[in-house]
Amino acid sequence: MNERDSEQVAQMFTEGGYTVTKDEFEADAILVNTCSVRDQAEQKALGKMGSMVRHRQKRPHVVYGFMGCMAQSRGNELFDNIPHLDVVVGTQKYHKVFEYVDSILQTRMERRMDDLKLTYKGDHICDIDEEKDSQNTIKDHTVESIEPATFVSIMQGCNMKCSYCIVPDTRGRERGRPIADIVEECKDLVARGVKEVTLLGQIVNLYGRTEFPKVDGKSPFVQLLEAVHAIDGLERIRFTSPHPIGYRDDLVEAFTYLPKLCSHIHFPMQSGSDRILKAMRRPYKNEKFVEIIKKMKAARPDMAITTDIIVGFPGETEEDFMDTLNTVKELEFDNCFVFRYSQRRNTPAADMLEQHSEKTKEDRNQRLLAVVNEIAQRKNNALVGSVQEVLCTGPSKNNPNTLTSRTPQNKIVIMEGNPDRLVGKIMKVRIDECTGFTLYGTPIIESIED
C-alpha cells in the first residue's frame, strides 16, 4: 500500500517537471513514506531521515519530508526530533505533497540567489487533517513504473478496532472509490501493457460496505471483482488483504466463476487461540477461520494461502501459542509472515498487563518459523519437475541477468531468457530446481502467447 501511495506522489512530481532520482545526494527533495505497523519500521525511518542532516552543509536548499502513517500519528513532534525536517504530510494528504514541497523549494531557490549561507528556518509544513474523498486521489501511475503486474488502490481506511493496530488512527475510516473509477483506471493500465492488477485495501473485502448497496446478494467487493474481470486484455486479478469478517459465501463462490482471480489469497489469521483473538478484538473464532480456508480450497483445489501471525501478544500463554502452532500444522499455509508483537502507542494492547519479554517473543517466533518454513519448502520442492503457468514481470531484483515471474499461486519462478520477448508474457515453465522459497525454471517457448 505504501508503495502504491509513493508512486502516486512520484507521478505528481513528474507532472510538475521534476525527475525522480535514486541518488539522494543529487536530489532537491527527499521524502520518506513511513509505516507504523511495527516500532522497527518507525525507528528505521527516523534513523534514515536523521542521517540526512549531513547533506545540509553542502545543499542547504534541499527539502526533507515525512509522509504516511508515522507522519499522521506523530505530526508536529517530528520537527522536534529532526530539526532539518521541513514537511510532515498525513495519509489523507498525499495529493498535497507536491504543492507543499515545490512551494518551499522554489522559495529557497529564490533566496539562494541572494545568500548562499541561508539556513532556511520557519518553512515547516505539517498537514495531517482529514480530507473528504482523499481515497479518490490515489489513481495515477508513473510511466516508468508500469509493469506487467501493478497495484490499484480501491479504498482507504479501516473501521476495525484490533487492539494491537494503529492503522485506524493513521488511515481514518473506510472510504471506497466508485467501481466505475476503479474500472477505468484498470482499463487504462491494460492499454499500457498491464496483465495483472492487485486490488489494495486495508481490509479489501469490506470495500464499499458502508457506501454501496448489495446487488443480487453480492457485496460491493464481489461486484467490483466482476466488473474488473470483464475488462478485455486483463489476465489476472489479485487482492490484499482480506479479513475473515468480510469473507462471505459470495466471495468464496466468486472463485468458481471468475477464472481471472488468481488461486492465491493472503488471509491474516493472527492467532489460533480464541482467547487471544478476543483480546486482539478480532471478531471471529479459530473454527470460523479454518472453515473459510476449507471453503476456499473446495472452491479452488489449487488454492495457495498465505497468512500473518503475531506471537507474544500480551497474555499469550504457552497453550495459546500451541493452538496457533497446531492450526498452522493443520492448514499448511504456503507461507506465513510471523511477527513478534510490537507495542504501538495509543493502542489498547500497549497498556495490557502480561507484556512478554523479547526473549519469549523471539523463542516463539523461531519455533513457529521452523514449522512454517518446513511446510513451505516441502510444498515448493513438490513442484520440481512440474509445468507451471507464469507471468514474466521483469528482471530479477537479485540478478538482473535473469527474469522473475509468478504463478497464479504467487510462487516466484526465476528463469533465463530474452526480456524483450518474455516480459509481460504468460507462458508455461518447467520447474527445474527449488531453493527453499524460490523456484527456478525453463520456459517452454512454444507456449508463449503472440
**Asked** Looking only at helices (runs of 4 or more DSSP H) that fall completely inside segment 1-102, which ones have 1 or more residues that are of a type in the set (Phe, Trp, Tyr)?
**Response** 2-15, 77-81
**Request:** For segment 333-363, enumerate the residues that are among the polar types (S, T, N, Q) and within 24 Å of the chain's Cα centre (by Cα).
**Result:** 335, 342, 343, 346, 347
**Request:** Considering each of 363, 302 in turn, give the residue that is surrounded by fewer than 19 Cβ atoms within 10 Å (Cβ to Cβ), outside the structural domain of residue 203 (by TED's automatic domain parsing), under 30 Å from residue 440 (Cα atoms) and not hydrophobic (A, V, I, L, M, F, W, C).
**Result:** 302
**Test for residue 313: is it surrounded by 18 or more Cβ atoms within 10 Å (Cβ to Cβ) and either in contact with a strand residue (DSSP E or B) (Cβ under 7 Å, 6 or more places away or on another chain) or not in a loop (DSSP other than H, G, I, E, B) (or both)** = no
**Message:** Quick check on segment 175-197. Is at least one of its residues touching a residue at least 12 places away in the same chain (Cβ under 8 Å), within 17 Å of residue 281 (Cβ to Cβ), assigned by TED's automatic domain parsing to the domain that holds residue 233 and touching a Gly at 6+ places or on another chain (Cβ under 7 Å)?
**Reply:** no
**Fill in**
Result of the Cβ filter at 7 Å on segment 370-386, keeping first residues that are over 15 Å from residue 307 (Cα atoms) and partners that are modelled with pLDDT of 95 or more and assigned to a helix (DSSP H, G or I), at least 6 apart or interchain, is none
**Asked** What residue, of 290, 338, is free of Cβ contacts under 8 Å to residues at least 60 places away in the same chain, buried (at least 18 other Cβ atoms within 10 Å of the Cβ) and either charged (D, E, K, R) or outside the structural domain of residue 232 (by TED's automatic domain parsing) (or both)?
**Response** 338
**Request:** Output the residues belonging to segment 336-377 that are part of a strand (DSSP E or B) and either over 16 Å from residue 270 (Cβ atoms) or out of contact with any Gly (no Cβ under 7 Å at 6 or more places or on another chain) (or both).
**Result:** 336, 337, 338, 339
**Fill in**
Going through segment 103-135 in order, the residues found to be at pLDDT below 80, surrounded by fewer than 13 Cβ atoms within 10 Å (Cβ to Cβ) and assigned to a helix (DSSP H, G or I) are 109, 110
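Looking at segment 243-287, which of the residues that are among the charged types (D, E, K, R) and part of a loop (DSSP other than H, G, I, E, B) is farthest from the chain's Cα centre (by Cα)? Spell out how you get there, then give the answer.
Within segment 243-287, the first condition is being among the charged types (D, E, K, R), and the residues that meet it are 248-250, 253, 260, 274-275, 278, 281-282, 285, 287.
Now drop any that are not part of a loop (DSSP other than H, G, I, E, B), which leaves 248, 260, 281-282, 285.
Numbers: 248: 23, 260: 21, 281: 22, 282: 20, 285: 25 Å.
Among those that are among the charged types (D, E, K, R) and part of a loop (DSSP other than H, G, I, E, B), it is 285.
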**Message:** The conditions are (1) out of contact with any strand residue (DSSP E or B) (no Cβ under 9 Å at 6 or more places or on another chain); (2) surrounded by 19 or more Cβ atoms within 10 Å (Cβ to Cβ), and residue 238 fails exactly one of them. Which is it?
**Reply:** (1)
**Asked** Residue check, residue 281 against (1) of a type in the set (Lys, Arg); (2) more than 24 Å from residue 349 (Cα to Cα); (3) in the same structural domain as residue 341 (by TED's automatic domain parsing), all met but one. Which one?
**Response** (2)
**Fill in**
Output for Cβ contacts, cut-off 6 Å, separation at least six or different chains, first residue outside the structural domain of residue 68 (by TED's automatic domain parsing) and outside any strand (DSSP E or B) in segment 147-162, second of a type in the set (Phe, Trp, Tyr) and buried (at least 21 other Cβ atoms within 10 Å of the Cβ), reads 154/207
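Matching residues to (1) among the aromatic types (Phe, Trp, Tyr); (2) under 25 Å from residue 301 (Cβ atoms); (3) touching a Gly at 6+ places or on another chain (Cβ under 6 Å); (4) surrounded by 22 or more Cβ atoms within 10 Å (Cβ to Cβ):
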position: 390; (1), (2), (3), (4): no, yes, no, yes
position: 399; (1), (2), (3), (4): no, no, no, no
position: 403; (1), (2), (3), (4): no, no, yes, yes
position: 420; (1), (2), (3), (4): no, no, no, no
position: 428; (1), (2), (3), (4): no, yes, no, no
position: 444; (1), (2), (3), (4): no, yes, no, no
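The values are calculated or read from the model by the stated rules, or taken from the named source; none is laboratory data. Being a predicted model, the structure only gives us computed values, none of them experimental. Don't worry about glycine lacking a Cβ; one is built from the backbone with ideal geometry, like all the others, and counts go over all protein chains shown.
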